[in-house]
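Q: I have a structure here, written as structure tokens, and I will follow up with some questions on it.
The values are calculated or read from the model by the stated rules, or taken from the named source; none is laboratory data. Every value quoted in this text rests on a predicted model; they were computed, and no experiment measured them. Positions of Cβ are generated from backbone atoms using ideal geometry, with glycine treated the same way; all protein chains shown enter the neighbour counts. Heads up: the accessible areas ignore ligands, DNA and RNA and are worked out on the full protein's heavy atoms, side chains in. Shrake-Rupley method; radii C 1.70, N 1.55, O 1.52, S 1.80 Å.
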Amino acid sequence: ATWVAYRRTQVTVSRYGIVERGFFGSQSTVPVRDVAGVLRAQVYRSNSLDTSHELFVVSTTGRGAIRMRGRFWDEATMDRVAGLLGVEETVRADPVTLAELRASDPKLLYWFERRWLLP
């Protein structure tokens, strides 16, 4: 069941917007008029010095509309998504930790990443 759910996960991009089908089968649609920009960052993996490329599609409300993680998506695909949207792209020069993203751009993260587990 896990393998099937993973294989069904997809992002479809056109000049009209983005449709994402998530791991658990949920589907979200973001019209291109609601996309403010794209943010690219290298994010440190937990307890490691390794980084992962990530692409955040930012909505006009400042929230993360779609997130593409380097563990699942290659850079060529991220390039295609950013190019098809035709919006401003920002690239963070230095790698960041999840804690740094939580402090600077919490709206881009999933709800469970915005919460501190320890006081």
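Q: Kindly list the number of the only condition in (1) in contact (Cβ under 8 Å) with a residue 40 or more places away in the chain; (2) under 14 Å from Arg92 (Cβ atoms); (3) of a type in the set (A, V, I, L, M, F, W, C) that fails for Val35.
A: Checking Val35 against (1) in contact (Cβ under 8 Å) with a residue 40 or more places away in the chain; (2) under 14 Å from Arg92 (Cβ atoms); (3) of a type in the set (A, V, I, L, M, F, W, C), the one that fails is (2).
Q: For the stretch 64-100, which residues satisfy the criterion of being crowded, with 16+ Cβ neighbours inside 10 Å and either of a type outside the set (A, V, I, L, M) or free of Cβ contacts under 8 Å to residues at least 60 places away in the same chain (or both)?
A: Keep residues of the stretch 64-100 that are crowded, with 16+ Cβ neighbours inside 10 Å, which gives 64-68, 70, 73, 78, 81-82, 85, 92, 96.
Gly64, Ala65, Ile66, Arg67, Met68, Gly70, Trp73, Met78, Ala82, Arg92, Val96 - these are the residues of the stretch 64-100 that are crowded, with 16+ Cβ neighbours inside 10 Å and either of a type outside the set (A, V, I, L, M) or free of Cβ contacts under 8 Å to residues at least 60 places away in the same chain (or both).
Q: Then there's this: With the structure loaded, tell me whether Ala41 is among the aliphatic types (A, V, I, L, M), more than 18 Å from Trp111 (Cα to Cα) and open to solvent by less than 40 Å² (accessible area, probe 1.4 Å) or whether it fails that test.
A: Details: among the aliphatic types (A, V, I, L, M): yes; more than 18 Å from Trp111 (Cα to Cα): yes; open to solvent by less than 40 Å² (accessible area, probe 1.4 Å): yes.
When the stated conditions are applied, Ala41 passes them.
Q: Okay, moving on. If you go through the stretch 44-63, how many residues are free of Cβ contacts under 8 Å to residues at least 24 places away in the same chain, charged (D, E, K, R) and surrounded by 13 or more Cβ atoms within 10 Å (Cβ to Cβ)?
A: The number of residues fulfilling the criteria is 2.
Q: Would you be able to say whether some residue in the stretch 57-78 is among the small types (Gly, Ala, Ser), within 17 Å of Gly17 (Cα to Cα) and in contact with a Ser or Thr (Cβ under 7 Å, 6 or more places away or on another chain)?
A: yes
Q: Next question, about the same structure. Please state which one of Leu101, Leu49 is modelled with pLDDT under 90 and more than 26 Å from Tyr6 (Cβ to Cβ). Walk me through how you get there before you give the answer.
A: Values: Leu101 fails: more than 26 Å from Tyr6 (Cβ to Cβ).
Criteria check complete, one pass: Leu49.
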